[in-house]
1. Given a 1.4 angstrom probe, I'd like the percentage of the accessible area of the stretch B:90-161 that is carbon and sulfur, rounded to a whole number.
2. Quantify, in whole percent, the carbon and sulfur part of the accessible surface of the stretch A:2-176 (1.4 Å probe; protein heavy atoms only).
3. Expressed in nm to one decimal, what extension gain is obtained for the pair residue A:116 and residue A:180 from 0.36 nm per residue of sequence separation less their Cα-Cα distance?
4. What number comes out for the charge environment of residue A:396, summing +1 per Lys or Arg and -1 per Asp or Glu over other residues with Cβ under 13 Å away?
5. Using only protein heavy atoms and a 1.4 Å probe, report how much of residue A:391 is accessible, in Å² to the nearest 10.
6. Counting only other chains, and only Cβ atoms inside 10 Å, what mean value do you get across the residues of B:22-33?
7. If you line up the long axis of helix B:103-115 against the longest principal axis of chain B, both from Cα atoms, how many degrees apart are they, to the nearest 10?
8. Taking only the C-alpha atoms, wrap a convex hull around the protein assembly as shown and report its volume per residue in Å³ as a whole number.
Amino acid sequence: MRMTGAEMVIRALLDQGVDTVFGYPGGAVLPIYDALFKQNALRHVLVRQEGGAVHAAEGYARASGKVGTVLVTSGPGATNAVTGLTDALMDSIPIVCLTGQVPTHLIGNDAFQEADTTGITRPCTKHNYLVKDVNDLARVMHEAFYVARSGRPGPVVVDLPKDIQFQEGEYVGPEHVLHKTYRPQTQPDKALVAKAVELMAGAKRPLFYVGGGVINAGPKAVAQLTKLVRMTGFPCTQTLMGLGAFPASDPLSLGMLGMHGMYEANLAMNQCDVMIAIGSRFDDRVTGRLDAFAPNSKKIHIDIDPSSLNKNVAVDLGIIGDAGLAVEEMSRQWRAGKIAPNARALKAWWSQIATWRARQCLRYRQSDTVIKPQFALERLQAAIKGRDDVYITTEVGQHQMWAAQFLKFERPNRWMTSGGLGTMGYGLPAAIGVQMAFPDALVIDVAGEASILMNIQEMSTAAQYRLPVKVFIMNNQWMGMVRQWQELLHGGRYAESYTAALPDFVALAEAFGWKGMRLEAPGDVDRVIAEMIDHKGPVMVDVAVDPKENCFPMIPSGAAHCDMLLGPEDKAEVVSEDGMVLV
Amino acid sequence: MKSGAVKRHTIAIMVDNEPGILARVVGLFSGRGYNIESLTVAEVDSRERVSRITVVTVGTAMIIEQIKAQLSRLVPVRRVSDLTEEGPHLERELALIKVAGKGEKRVESLRIADIFRARVVDSTIGSFVFEMTGSTEKLEAFIRLMEPLGLVDVARTGAVAISRGPKAI
Ligand SMILES: Cc1cc2nc3c(=O)[nH]c(=O)nc-3n(C[C@H](O)[C@H](O)[C@H](O)COP(=O)(O)OP(=O)(O)OC[C@H]3O[C@@H](n4cnc5c(N)ncnc54)[C@H](O)[C@@H]3O)c2cc1C
Ligand SMILES: Cc1ncc(C[n+]2csc(CCOP(=O)(O)OP(=O)(O)O)c2C)c(N)n1
């Protein structure tokens with residue numbers, strides 16, 4: 001079928017099942033915007049800055065399980081997208097980002113709004129393309145979607161020179177496009193799974209350590225994992241990215257592990273004898289000091305990306321494959337072998353875990369004069385408990401960690417946070433993306449007052465599309481996470497971590513056409529949360545929380561899991577010089 | 001974890017010959033802090049448009065594993081083969097070596113070139129250009145010997161390598 005490049009772009013998006021594009025126009029993409037104008041099937045969400053478009057697409061993708069789609073112009077449009085692309089790469093989020101480019105004959109001439117987009121985005125995408133022939137365009141579009149969602153998902157950039165958008169060429173549908181070579185392995189090696197099952201059967205102190213890869217593998221994989229964990233009776237801890245991969249309320253769940261994870265999860269990790277890592281990547285926030293990481297364990301690692309195996313931690317049994325397929329095979333073999341785990345040892349293990357749980361590591365000192373951030377989130381959890389249509393996004397900092405600790409996720413795809421890159425400003429646009437995917441859901445961005453200012457302009461987007469997102473700002477007036485590190489590691493010298501001249505968030509909300517609320521007294525918390533949830537439109541709640549509160553538990557950088565600080569009474573003396581240099 | 005003995009590995013990478021592929025491979029090495037001792041690239045199958053990149057790198061066993069895994073996951077990479085691990089293989093490099101000098105030194109350079117089976121591919125009254133193929137070690141030995149004899153310029157291709165026996169990688 002003959003059509004222009006711009007028409008092909010729209011057609012390819014529709015053929016790929018895309019219903020929503022997040023974008024921002026400019027000279028180099030005007031033909032595509034023109035083609036967009038002439039149709040109704042594809043919705044375009046006009047963000048207020050291209051960075052917001054990518055985060056919105058990330059939120060949309062993480063919540064819906066589909067590929068998120070972005071359309072931006074050349075030069076500054078493309079460079080503004082770079083942070084979001086890097087974020088998506090780190091967190092394995094499937095994104096296709098279309099960027100305009102100067103016409104092919106001007107490439108390399110420092111033309112107006114020219115940037116070497118494929119050069120700039122090469123290290124922050126899974127793959128990228130520059131289309132120089134209109135007859136390649138349809139194929140490249142379909143390949144881009146295939147690459148973004150296959151294997152370990154990630155962002156793909158398609159750079160589209162303006163002349164190509166005008167030219168006419170032959171369109172081919174996705175059914176005619178097969179990537180020449182890219183075929184990531186999804187089926188696990190059954191013999192390796194058998195070895196894993198054998199290790200698990202003999203385990204005395206086993207632990208599942210599950211991550212975002214299980215969520216990438218889809219809801220069916222999550223269901224299968226839940227079944228497997230219950231069948232074995234083993235404890236299961238989740239990473240920040242893996243929250244929702246196993247029901248938080250299940251007694252087998254130890255909650256999140258890592259730097260700000262649960263005491264019981266970290267101690268269990270430290271003491272386990274068989275670790276079953278599934279779709280988790282041994283990030284430094286999780287492992288702490290590497291030579292003290294689960295030192296006496298046999299490690300099984302299931303991951304779809306061979307480069308995740310043995311990257312930070314040498315494992316005993318690496319299994320390449322899709323988490324869902326691997327877990328399915330594991331369950332099948334476990335059942336077929338009629339395996340009974342070592343019940344006596346497991347009982348002893350669980351009673352050990354019970355003693356760690358009894359420390360109640362999330363305990364905090366309540367106050368009746370000032371709102372403790374933990375309390376505010378506890379009450380938020382109470383308000384949303386039992387609802388299946390609640391989606392939480394976060395910004396980055398202490399509030400993010402408290403949200404991870406105090407909000408409970410029973411199902412996957414309900415929790416969107418910037419884990420790998422830790423991008424302040426992620427939460428609001430991500431919430432917008434989630435709300436586009438689920439217009440009737442309750443979408444809440446748990447924010448910090450510093451982070452929210454990084455993409456505050458997106459309030460205008462929410463207003464334009466009448467998206468009833470809620471922003472719940474844990475306003476401690478400080479870059480709390482930075483302040484906490486300065487207190488613990490830099491002698492309380494608080495260099496530039498206080499934000500003077502914060503805006504009046506209520507007035508700001510109103511200026512954008514949102515409802516704004518201020519929450520100051522612990523006694524008002526429940527009422528204001530209920531009011532926020534009940535309001536039909538977007539709401540920003542400015543919660544004045546204790547400015548000095550620190551986030552515990554905490555494993556200081558470079559320390560071992562068993563050196564956790566449980567509260568302000570524990571001092572960070574364990575921080576070594578080696579630890580100081582770590583991020 | 002990243003400790004252990006450091007070893008030199010020769011890795012062959014079969015890639016789709018598309019724009020940016022070399023930048024992708026080189027960027028991976030620099031971005032992740034891996035070493036490149038030498039790198040060669042040329043198309044080896046013009047119908048399928050496949051290029052072969054040969055990289056000589058050094059690292060511990062765990063780093064070499066990472067390098068291979070990271071290379072394998074680049075979308076246009078078809079195959080990664082660690083020739084050093086996979087059994088006996090041949091490695092060759094080509095060098096052009098310019099030596100300028102007169103009299104005894106000139107004669108001596110020619111004599112050594114003969115022993116090393118280097119060919120004279122250019123000659124003037126005061127200079128020779130030798131062409132030489134061989135292992136990296138052999139080339140280096142020859143170049144070292146040329147130093148006192150008037151070595152002025154060297155161009156080398158970097159290693160290419162292939163496994164011994166009937167099988168392709
Ligand atoms: C301020 C701050 C503090 C943090 N503190 C913590 C903390 O205390 N604890 C914590 O856990 N994290 C913490 N993080 C997050 C941390 O930086 C990492 O992002 C996170 O630990 C990585 O999660 P993950 O291991 O689940 O991997 P992900 O980043 O989710 O990666 C997924 C893995 O699964 C694989 N995969 C993808 N798809 C599949 C599939 N279909 N099948 C199988 N495998 C697949 C991928 O190859 C990859 O290896 C913090 C972040 C910030 C910003
Ligand atoms: C774009 C970006 N810049 C800087 C940082 C470093 N950083 C991490 S947390 C943080 C403070 C966040 O403050 P706030 O949003 O108020 O959250 P709080 O920690 O107080 O809950 C900073 C500056 C970052 N993660 N992202």
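The values are calculated or read from the model by the stated rules, or taken from the named source; none is laboratory data. Every value quoted in this text rests on a predicted model; they were computed, and no experiment measured them. Virtual Cβ from ideal backbone geometry, glycine too; neighbours counted across all protein chains shown. Areas reflect the complete protein model, heavy atoms only, side chains present, ligands, DNA and RNA absent. Shrake-Rupley method; radii C 1.70, N 1.55, O 1.52, S 1.80 Å.
1. Result for the stretch B:90-161: 56 percent of the exposed heavy-atom area is carbon or sulfur.
2. 53
3. Taking residue A:116 through residue A:180 to full extension adds about 20.5 nm, to one decimal.
4. The answer is -4.
5. 10
6. 2
7. Once rounded, the angle reads 40 degrees.
8. 197
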